[in-house]
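The values are calculated or read from the model by the stated rules, or taken from the named source; none is laboratory data. Everything quoted here is computed from the prediction, not taken from an experiment. Glycine gets a Cβ as well: all are built from the backbone with ideal geometry, and neighbour counts include every protein chain shown.
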Amino acid sequence: MRTEKRIDQSRFPFCLEGEKVTSMWKVGLTGGIACGKSTVTAYLKEQGIQVIDADEISHRLMGEDPEIKAALLSHFGEDILDQQADLDRKEIAKRVYASADELSFLNRLMHPRIRQSIEEDLAQLQALGNTLAVIDVPLLFEAHFEDLVDEILVVALPKAMEVERLMARDGIGQDLAEKKIASQLALEEKIARADRVIDNSGTIASTKNQVEAWLKEKEEKHVMS
């Protein structure tokens, strides 16, 4: 974890200094690629909510875990290294999104380690007195992490917008963008499994309003009960 700050006590006064928390409401945040999860997590952080970012964990593990680096080099060869002899994530992405087998290999390697890190972070946040934590996991369903959370939020927008935003965000062509999207569970299926859907097809203000409404429900039903 990069921070040990508790959630905003002015908003969630039942998260008190030194108070032992026996139950923490855990929320899984997921959605399609480039659907706007970062917009939601940024707003949550502004409100003092602790967010565990699975992508950040993955990046850290690839950069720091020698066993992961060795396994990737053994599988893909040294062509996945950049000029500084570090793992080239873009090169790895090209390979795994071009082959279902390669993507499966990467997921088998990374998901158990990511899960372990998330579990450790959740335990730490609860020990620090937090009563609400959000886990941002793009592959929440694909990795079968649903059992880690009490509630699931899905950020969604129409397919055409998803492709357009992904192309702009990653600087890639439409073909690769569509392959990346197809590598995940269909957004429609994620929506069907969600407890709450955040529609990010409108303005940022509209998205924030939806998140704010959800936060108010947490104050009333879970965090402050």
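The set of residues in region 51-65 being crowded, with 16+ Cβ neighbours inside 10 Å and either in contact with a Ser or Thr (Cβ under 9 Å, 6 or more places away or on another chain) or closer than 22 Å to residue 182 by Cα (or both) consists of 51, 52, 53, 54, 57, 58, 61. A count restricted to region 66-97 and to residues that are touching a strand residue (DSSP E or B) at 6+ places or on another chain (Cβ under 9 Å) and farther than 22 Å from residue 182 by Cα stands at 8.
Sort out which residues of region 108-121 are of a type in the set (S, T, N, Q) and either exposed (fewer than 13 other Cβ atoms within 10 Å of the Cβ) or free of Cβ contacts under 8 Å to residues at least 24 places away in the same chain (or both), and write them in order of number. Result: 116, single match. Does residue 30 satisfy the condition of being at pLDDT 90 or above, assigned to a strand (DSSP E or B) and surrounded by 16 or more Cβ atoms within 10 Å (Cβ to Cβ)? Criteria met by residue 30. Residue by residue through region 61-79, note down the ones that are within 24 Å of the chain's Cα centre (by Cα), in a helix (DSSP H, G or I) and in contact (Cβ under 8 Å) with a residue 12 or more places away in the chain. Matches in region 61-79: 61, 62, 63, 68, 69, 71, 72.
Residue pairs whose Cβ atoms lie under 7 Å apart, separated by 6 or more positions or on different chains, with the first residue in region 33-52 and closer than 22 Å to residue 191 by Cβ and touching a residue at least 12 places away in the same chain (Cβ under 8 Å) and the second of a type in the set (Lys, Arg) and part of a helix (DSSP H, G or I), are 33/180; 34/165; 34/169; 43/208; 51/45. Of the residues that make up region 95-112, is at least one modelled with pLDDT of 95 or more and assigned to a loop (DSSP other than H, G, I, E, B)? Checked against the condition, which is being modelled with pLDDT of 95 or more and assigned to a loop (DSSP other than H, G, I, E, B), region 95-112 yields no hits at all.
Of note, residue 177 satisfies the criterion of being out of contact with any His (no Cβ under 9 Å at 6 or more places or on another chain), of a type in the set (Gly, Ala, Ser) and surrounded by 15 or more Cβ atoms within 10 Å (Cβ to Cβ). Within the option set 105, 141, being among the aromatic types (Phe, Trp, Tyr), closer than 16 Å to residue 30 by Cα and surrounded by 15 or more Cβ atoms within 10 Å (Cβ to Cβ) holds for one residue only, 141.
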